[in-house]
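Inspection log for the structure reproduced underneath, given as C-alpha cells.
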Amino acid sequence: MEIPEIKPKEVYGFITKGDEIIILDVRTKEEFDEGYIKTAINLPLDNLEGDILKIIPNKNSKVYVYCHSGVRSEAAVEYMMKHGYKNVFNMTGGIAQWESENLPIVT
C-alpha cells in the first residue's frame with residue numbers, strides 16, 4: 001500500500017489559508033505537551049484503533065498526520081486507509097522536519 005505524503009511547508013500553507021483540514025498528532029501526550037502544530041489533535045498511535053472513529057467520524061475529512069519523525073504517522077495513515085479513510089496524508093519528517101524548517105509550534 002502506497003502511503004500518501006505531504007511536506008511540512010504544504011501543511012503550513014493549508015493552515016495559514018484556513019483550509020478545512022485536520023492535523024492529527026500521533027505522538028504520546030508527553031511529546032505533544034512539549035510542543036505541537038497549531039490546531040493539532042493529539043491521539044497517540046497506541047490509542048488510534050480504539051478512538052479514531054470518535055475523533056474523526058467523517059472518513060472523507062482531509063487529515064494530515066504527524067509524529068516525531070514520520071514512522072508512527074506512516075503506520076497511522078496506513079491503518080486509517082485500511083479502515084476507509086480517503087484523504088489521509090503522512091507529513092514527511094514529522095515535527096522534527098517541521099521545526100528544522102522553522103515553522104511555528106505551540107509550546
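Computed from the coordinates by the stated procedures, all read-outs in this text should not be read as laboratory data. Computed from a prediction, not measured in an experiment: that's the story for all the values here. Note that we place each Cβ from the backbone using ideal geometry, even for glycine, and neighbour counts take in every protein chain shown.
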| field | Reachable aspartates and glutamates, given that their alpha-carbon falls under 19 Å from the alpha-carbon of Lys17 and they are not under 8 places away in the same chain | value | Glu101
| Looking only at GluC sites (Glu not before Pro) in DSSP loops with at most 12 other Cβ atoms within 10 Å, what is the longest site-free stretch of the chain? | 21-100
| query | Over the chain, what is the mean sequence separation of C-alpha contacts under 8 Å (at least six apart), divided by residue count, expressed as relative contact order in percent? | reply | 36
| task | Would you mind calculating the gained length between Met1 and Lys59 on full extension (0.36 nm times residue separation, minus the Cα-Cα distance), in nm to one decimal? | result | 19.1 nm
| task | Give me the aspartates and glutamates in straight-line cross-link reach of Lys38: C-alpha distance below 15 Å, same-chain residues under 8 apart excluded. | result | Glu10, Asp19, Glu20, Asp25, Glu99
| Estimated FRET transfer efficiency when R0 is 30 angstrom, pair Ser100-Asp33 (beta carbons, to 0.05) | 0.90
| Filtered trypsin sites (Lys or Arg not before Pro), the chain: DSSP coil and at most 12 other beta carbons within 10 Å | Lys38, Lys86
| note | In the structure shown, of Lys9/Lys59; Lys29/Lys86; Lys9/Lys62, the pairs separated by more than 21 angstrom at the C-alpha atoms are Lys9/Lys59; Lys29/Lys86
